[in-house]
Amino acid sequence: MDTTSPAVFVNGALLRRYIGQKVRAVIQVIRSDIGSVVGKSTDDQQIVVKGSPQPPLTAYLEVIGIAESDNTICADVWTNFGDSFDAQNYNELCKLANAGAMTEVQMEMEIETNSSLQESVPKPQVIYRCKKCRRIVAVEENVVPHEPGKGEECFAWKKRSGNPEHVQCSSIFVEPMKWMQTIHDGLVEEKLLCFGCNGRLGYFNWSGMQCSCGAWVNPAFQLNKSRIDECKSEPNPNLKTETG
């Protein structure tokens with residue numbers, strides 16, 4: 001059994017590919033038995049996880065261990081992920097982690113064409129570029145909106161700025177994307193680095209993090225507004241000619 005290589009992100013469908021290897025998965029707990037936990041994977045398949053996690057358990061757990069069969073993991077690491085979790089985003093990450101490496105050109109093309117426009121006449125959209133190297137790192141369809149929080153009252157007193165009126169968001173939160181190489185390294189949280197210049201753009205945390213407005217985002221893929229430029233893309237004239 002392979003216990004030395006990094007754990008591979010899997011959902012229920014991908015688990016069978018890695019029997020005998022180290023994997024990591026997030027499950028929604030259905031029931032906890034003596035010596036095992038039965039849960040639902042992020043693609044709605046039942047998985048049995050062998051082991052004895054320390055109580056209390058939250059509704060969502062990340063487990064790391066050896067895939068014993070197409071629906072069984074023998075886990076040695078258990079992490080509580082809270083009672084609310086965006087399973088769809090994690091499921092997309094599992095697909096991305098198993099899609100193979102991409103070149104920088106392919107990454108940028110994938111971001112720019114992430115969401116095809118359905119209207120016959122193309123419209124400009126907001127794009128986000130790395131402030132340092134000008135690489136496109138997200139488009140407006142990648143942004144995960146959140147309800148603004150109540151500002152200072154949401155934070156512990158040690159983290160308060162002293163400005164009770166400050167409720168502005170200093171970051172945007174996006175869905176996981178292929179250029180985010182650090183999310184494939186088997187960590188719950190880490191910096192997000194630009195795939196062009198390797199500069200720090202933000203941070204991610206599968207357990208979630210708090211926006212400067214006070215809202216809690218879970219999971220969180222944060223891009224700091226101070227590290228990116230927001231601008232409008234121009235309509236594609238060729239697309240307009242072909243569809244007009």
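The values are calculated or read from the model by the stated rules, or taken from the named source; none is laboratory data. Since this is a predicted model, take the numbers as computed values, not measurements. Cβ: placed from backbone, ideal geometry, glycine included. Neighbour counts: every protein chain shown. What goes into the accessible areas is simple: the full protein's heavy atoms, side chains included, and nothing from ligands, DNA or RNA. Shrake-Rupley method; radii C 1.70, N 1.55, O 1.52, S 1.80 Å.
Carbon and sulfur atoms: what percent of the 1.4 Å accessible area of segment 1-75 do they account for? Summing carbon and sulfur atoms, their accessible area is 50 percent of the total for segment 1-75. In this structure the amide hydrogen of residue 138, modeled in the peptide plane, comes within under 5 Å of the amide hydrogens of 128, none closer than 5 places in sequence on its chain. With the gyration tensor restricted to C-alpha atoms of segment 6-100, the semi-axes of the equivalent ellipsoid amount to 19, 15, 11 Å, longest first. Between residue 45 and 12, the built amide H atoms are under 5 Å apart, and every one of these is 5 or more places off in sequence or on another chain.
Highest mean packing comes first when the peptides 30-42, 170-182 are listed by Cβ atoms within 10 Å, giving 170-182, 30-42. With the simple model of a label 7 Å out from the Cα in the direction of the Cβ, residue 44 to residue 21 spans 2.7 nm. Full extension of the chain between residue 187 and residue 98 yields a length gain of 30.4 nm, computed as 0.36 nm times the residue separation minus the alpha carbon distance. Is there a pair in 191/225; 132/225; 22/191; 22/95; 40/95 whose C-alpha atoms are over 19 Å apart, and which pairs would that be? Checking Cα-Cα distances, 22/191 exceed 19 Å.
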